[in-house]
1. Confirm whether Glu258 is of a type in the set (D, E, K, R) and either within 24 Å of Ala323 (Cα to Cα) or over 40 Å from the mean Cα position of the chain (by Cα) (or both).
2. Residue check: is Asp298 of a type in the set (Asp, Glu), open to solvent by less than 60 Å² (accessible area, probe 1.4 Å) and more than 23 Å from Ala347 (Cβ to Cβ)?
3. What's the number of the condition Gly216 fails, among (1) part of a loop (DSSP other than H, G, I, E, B); (2) farther than 25 Å from Ile334 by Cα; (3) in contact (Cβ under 8 Å) with a residue 40 or more places away in the chain?
4. Tell me which residues, restricted to the range 240-284, are among the aliphatic types (A, V, I, L, M) and in a loop (DSSP other than H, G, I, E, B).
5. Does Lys227 satisfy the criteria of being modelled with pLDDT under 90, surrounded by fewer than 23 Cβ atoms within 10 Å (Cβ to Cβ) and more than 15 Å from Leu167 (Cβ to Cβ)?
6. Could you list, ordered by first residue, the pairs with Cβ atoms under 8 Å in which the first is in the range 102-113 and more than 16 Å from Ile72 (Cα to Cα) and open to solvent by 10 Å² or more (accessible area, probe 1.4 Å) and the second is at pLDDT 80 or above and not β-branched (Val, Ile, Thr), at least 6 apart or interchain?
7. Could we say that Ile249 is more than 25 Å from Ile195 (Cα to Cα), surrounded by fewer than 19 Cβ atoms within 10 Å (Cβ to Cβ) and of a type in the set (A, V, I, L, M) here?
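The values are calculated or read from the model by the stated rules, or taken from the named source; none is laboratory data. Quantities reported herein were computed from a predicted structural model and do not represent experimental measurements. We place every Cβ from the backbone using ideal geometry, glycine too, and count neighbours over all the protein chains shown. Side chains included, ligands, DNA and RNA excluded: accessible areas come from the protein's heavy atoms. Shrake-Rupley method; radii C 1.70, N 1.55, O 1.52, S 1.80 Å.
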Amino acid sequence: ALKGEVSHLLRIFKINYLSKKSIVVDPHFLYLELYNEKNVSIFSHKVKNFTQIKKELNQYNHKFIQTSNANIKESILHNHIQNRFYFKFSRPFINENNIGRIEGLYAISKQDVENIYINIFYSILQVIISISLTTLMLYPIIVYLNKNYIKQSKELLKANLEILSVLGGTISKRDSETDSHNYRVTIYTLEFAKILSLDEQLFSAIIKGAFLHDIGKIGIADNILLKQGKLNSIEFEQMKLHVLYGKEIIKQSSYLNEAFDIVAYHHEHYDGSGYLSGLKGEEIPILARVFTICDVFDALTTKRPYKEELSFKESIDIIKQGANTLFDPNLVDIFCNHIEPIYNKIANLDNKVQLHQLLSNEFHYLDKVN
């Protein structure tokens, strides 16, 4: 009867019958107990020193193995002194007619543990080798694709810069200025932003805003835009509208919308006397405050149809006089203390091609134009 009930399950757990009356249990089983459907023990096996082993193992925490079956309980036990591992289990089994239960304690041999570690090692080694071989095979392809991507990116950036230059240059020509002003003020603003340690993610907005800061002048009548001499109050009010027109133009493009802060606020004054929004102090976005100083500085240091250029010192003195009224005083101090080497680098480059090359050389800026 015993053989008929448990022979299948015992074979699973390395238990073999020698005859109907004798059973040989794998020596690694320190404890094994089978119960029938009435929870009555129908087979029991324990090694002689099981009580001592159980006492020793109770000193250590058991790591339970999670299963989806609530009737199955399994855990790994570790004797830290002997560095031995044990598998403790309790699970149901089905005989011919009823459901019983088997539980036990299995001592995992040192050889089994070593085999597990060896299998883990070789598995990791196989993964490393597979990854290495795959990388070696894909490396030439990755390099090729990367070079191609960089080439296309440079071409796209060049095209973007040319578009900005064309748009900004169109307005400059209407306003009796040259394309060079847009390039110079862009370089000044980028270099100033670098000195201020502004986030490089803002460089794209700087380039777009610097080239397009006066794009709204396309909506100003020629008799006002090209007038020689000072504008009267009515004409000046009309001129102010170029800021409004500029905002409306760039809002139509998600690509150009990054330029909004510079286009919309580059005529705001630190004391609130500017236009159109009448912002003051730090209400004015940082890019607009930075750009405004650079824009005025370039206007002072270059020749225009209505004025001669001023020296570097004269221009710096005027910028300093505008602190707290036109400009952010903290930015003025930093600008005046650091701008001279940048001025010396670009002051004599009135040729658009030279300025374009200089801006292109600062490629770590241009790669932010996306």
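1. On the way: of a type in the set (D, E, K, R): yes; either within 24 Å of Ala323 (Cα to Cα) or over 40 Å from the mean Cα position of the chain (by Cα) (or both): no.
Here the answer is no, as Glu258 does not meet what is asked.
2. no
3. (1)
4. Leu276, Leu279, Ile284, listed by residue number.
5. For Lys227, the condition - modelled with pLDDT under 90, surrounded by fewer than 23 Cβ atoms within 10 Å (Cβ to Cβ) and more than 15 Å from Leu167 (Cβ to Cβ) - is met.
6. Once the first residue is more than 16 Å from Ile72 (Cα to Cα) and open to solvent by 10 Å² or more (accessible area, probe 1.4 Å) and sits in the range 102-113, its partners that are at pLDDT 80 or above and not β-branched (Val, Ile, Thr) give Ile108/Phe85; Ile108/Tyr86; Ile108/Phe87; Val113/Phe85.
7. Here the answer is yes, as Ile249 does meet what is asked.
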